[in-house]
Structures are given as C-alpha cells and as structure tokens.
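Report on the structure given below.
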Amino acid sequence: MSRRSSFPASLRGWGLLLVALLGGIGAFGVSESQWKRLGREIFGPAPRTERAAPREPFSGQPRVIDGDTMDLDGIRVRMQGIDAFEHDQQCTRAGGGRFACGAAARAELAELIGGREVTCTPDGSLTHGRTVATCTVADRGRTVNLNAAMVRSGLAFDCPRYSDGRYARDEAAAKSENAGAWGGRFTYPWTHRDRANACKAR
C-alpha cells in the first residue's frame, strides 16, 4: 500500500525546487557567498537597516516600495508625516466596484517621481530601521514635496501624530475634490494594520 504525502500539493513544487537548489550547492560546489552574489545581481542590493538616523540630505534614483516608502541611496526611507494605503489594500469606487488602492498609491508615487532624482531630508528619527524623511523632486523649475503630493492625490493621508497637521490642507483639498479614494469608500491604512491610534495627534 503506497503512502500519500501529507505535504500540501500547492507547495510541493516549491519544496522540490528548494531540494534541487540545495542539491546544486553540493553537486556543483556553489558556495553561500556565490548564492548571495547571485541574489544581489537579480534583486539588487538590500537596503541597509539604519542604527542611527542620517542627519544630512541624500539623493539618488529611488526604488518605490509602496505609497510612502522607497529605497534611496541604499537607505530605506519612510516618508515623514503621511500614511499611504498598504500594498494589499482594496477600496470601493464611487459608482461601485473595487480597485487596488494600495497598488494605485505605489504607482502614484512612482509617477510623481517620473524617473527623476529624489532628495530626502531626514528628520533625525527612525521607524523600524527606516529613515524618516521629507522627500522632494525637481519638476520644471519647481520643487515638488512628494509627501504633500501623495496626500493631495487622495492615496495617502495626513498623519497628525507626526506631521503636526502639516498636510491637513492637502488632505482637505483631496477630500473636497474626491481625489484618489475619497470619492468612494475605504479603510484608513492605520486601521487596515489594526493600529487605530497610529496617527492620532498626541
């Protein structure tokens, strides 16, 4: 009588791939450092986790993670004073139907940057190893505050606990124009994370 595996069928393929990779290490003499180098070549360098917040502005071409987070100059940046929809969030449009507002927030930040160099000015604090900063981009002779622009898009929100209401006007304007998710129904990102008081003013 044959024995059936209790391992979920949906995961067996991944398990076999892992076994094959581990076998490859032994069979072909691939070292751990070589695997790490291959990972860096495929996925790029991992952002460093800061132990102390940078004090000086830094610039570079960013990799957008979500609507309020990016990797810039090897540093993971959390945009100060705002909270954007989480990557997996869904919202409801005014006329019905759902849309991926988390993905829309990420796309909006990438569009605002438009492939240009970003400059981030840290406020001297860290959150979960991420440097907290206000980020800007030059656009046709003017400087665009990306933190404010994300709130103005209706895909991120003022976070009074950390902004002291700096982006309240941008949020009010977005709400009055039904920008982004404001025309429909949504759950605030801090509620989605089950942290109801995360942005509440102190």
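At a glance:
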read-out: Segment E117-H192, length gained on full extension (0.36 nm per residue, minus Cα span); value: 23.9 nm
read-out: Calculated P(r) tail over 20 Å for region 64-184, as whole % of Cα pairs; value: 40 percent
read-out: Solvent exposure of region 101-140 as accessible area per residue, Å², 1.4 Å probe; value: 46 Å²
read-out: Cα-derived Rg over Rh, computed across region 87-142 with Rh taken as Kirkwood radius; value: 1.11
read-out: Alpha carbon convex hull of region 115-198, volume per residue in cubic angstrom; value: 129 Å³
read-out: Heavy-atom accessible area order for E56, E86, E117, largest first, 1.4 Å probe; value: E56, E117, E86
read-out: Whole-percent carbon and sulfur share, accessible surface of region 51-136, 1.4 Å; value: 45 percent
read-out: Mean accessible surface per residue for region 48-99, computed with a 1.4 Å probe while every protein chain stays in place, in Å²; value: 51 Å²
read-out: Neighbour-limited loop hits for trypsin sites (Lys or Arg not before Pro), region 89-138 (at most 16 other Cβ within 10 Å; DSSP other than H, G, I, E, B); value: R93, R116
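The values are calculated or read from the model by the stated rules, or taken from the named source; none is laboratory data. Predicted, not measured: the structure shown is a model, and the values here were computed from it. When we count neighbours, we look across all protein chains shown, and the Cβ atoms used for this are built from the backbone with ideal geometry, even at glycine. Keep in mind that these areas ignore ligands, DNA and RNA; they rest on the heavy atoms of the full protein, side chains included. Shrake-Rupley method; radii C 1.70, N 1.55, O 1.52, S 1.80 Å.
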